[in-house]
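Novice: Next up is a structure, given as structure tokens.
Just so you know, all these numbers are worked out from the coordinates, no wet-lab data involved. As the structure is a prediction and not an experimental result, all values here were calculated from the model. Backbone-built Cβ (ideal geometry, glycine too); neighbour counts: all protein chains shown.
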């Protein structure tokens with residue numbers, strides 16, 4: 001899949017978090033490892049570490065973590081020219097545990113008020129034109145009406161100018177007033193999306209009423225989505241594109257799977273990197289599976305994401 005030449009492979013629009021990770025139950029643990037986090041940041045970092053040129057549109061509050069967040073972003077090779085500084089407010093914080101590798105344990109301590117400063121005026125023509133792919137998830141849509149408008153504006157401009165739009169519903173009901181609210185945000189951007197990452201069965205059932213990957217792909221094809229990527233956890237993924245459907249199991253490995261935290265974001269970043277370097281919709285799935293598996297085995301923060309040398313890209 002050959003995309004036009006641009007200054008950047010990927011523009012990610014999302015919220016910045018600080019992650020505190022531990023290896024036992026959160027409430028019982030006395031020691032945590034600090035890193036940047038959040039679904040969108042990990043997607044950006046995964047693509048950047050594999051070799052994609054990535055820029056981030058976000059906001060960082062000038063609290064105690066201000067310098068730490070910016071330094072960690074740039075250390076991953078992410079361009080932060082479009083990360084605005086908020087004089088007031090706080091950056092988002094959350095705690096996560098790897099004590100149960102097959103499940104996720106999150107405790108959102110502070111949803112972050114800095115992200116409320118992400119607004120439509122930050123999106124302008126050249127920012128979108130200079131990217132091969134524009135990506136966002138519902139994580140940012142859940143913050144405010146302004147963040148919803150920001151994503152819609154970016155997606156709409158990209159769609160009208162034949163720039164690929166990628167999206168992950170990433171349904172986390174604790175972030176929404178209701179399921180209907182989350183579905184309204186999804187449906188508002190669905191006509192603009194070229195690539196969608198949807199998890200099965202729980203997420204797809206809640207959002208679309210379908211839990212079988214074949215049904216999900218057909219449902220979204222009928223609504224104009226070109227590439228449908230159904231993430232199936234330990235079963236790998238199924239991809240539908242150009243009237244073809246293929247399933248991609250997770251590679252067999254001997255290493256122990258340590259943590260599922262943000263494995264889906266590593267998958268997304270790996271997939272979008274594949275598209276950016278010219279892989280087709282199916283070739284990119286193998287790279288995405290490998291990136292997600294690598295992150296799960298390493299079980300840490302952004303430094304547990306693979307680099308191009310790990311995959312010999």
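Novice: May I ask you to sort 16, 237, 185 by Cβ crowding, counting other Cβ atoms within 10 Å and putting the fewest first?
Specialist: 185, 237, 16
Novice: OK, next. Against the 2.2 N^0.38 Å scaling, with N counting residues, where does the chain land? I'd like the Cα-based Rg ratio to two decimal places.
Specialist: Against the empirical 2.2 N^0.38 Å value, I get 0.91 for the chain.
Novice: How would you rank 123, 229, going from fewest to most other Cβ atoms within 10 Å of each one's own Cβ?
Specialist: Ranking 123, 229 by Cβ neighbours within 10 Å, fewest first, gives 123, 229.
Novice: Another question, then. Using 0.36 nm times the number of residues separating residue 64 and residue 179, minus their current alpha carbon distance, what extension gain do you get?
Specialist: Difference between extended and current length: 38.0 nm.
Novice: How much length would be gained if the chain were fully extended between residue 7 and residue 24, taking 0.36 nm per residue of separation minus their Cα-Cα distance, in nm to one decimal?
Specialist: Using 0.36 nm per residue and subtracting the Cα-Cα distance, I get 1.8 nm.
Novice: So what is the relative contact order of the chain, in percent, for Cα pairs below 8 Å that sit 6 or more residues apart?
Specialist: 20
Novice: Between residue 206 and residue 309, with labels modelled 7 Å along Cα→Cβ, what's the label distance in nm to one decimal, could you check?
Specialist: Result: 4.0 nm between the two label points.
Novice: Something else about it: Using alpha carbon centroids, what distance separates the stretch 187-227 and the stretch 236-313, in Å?
Specialist: 20
Novice: So the label point goes 7 Å from the Cα of residue 33 along Cα→C-beta, right? Which residues of the stretch 47-61 then have their backbone N under 11 Å from it?
Specialist: The answer is none, because no backbone nitrogen lies closer than 11 Å to the label point.
Novice: Also: How would 10, 293 line up from fewest to most surrounding beta-carbon atoms within 10 angstrom?
Specialist: Listing 10, 293 from fewest to most nearby Cβ atoms yields 293, 10.
Novice: Using 1/(1 + (r/R0)^6) with R0 = 45 angstrom and r between the beta carbons of residue 75 and residue 222, what's the FRET efficiency to the nearest 0.05?
Specialist: Plugging the Cβ-Cβ distance into 1/(1 + (r/R0)^6) gives 0.55.
Novice: Which percentage, to the nearest 5, of the DSSP beta bridges contained in the chain is antiparallel?
Specialist: Around 35 percent of the beta bridges assigned by DSSP in the chain are antiparallel ones.
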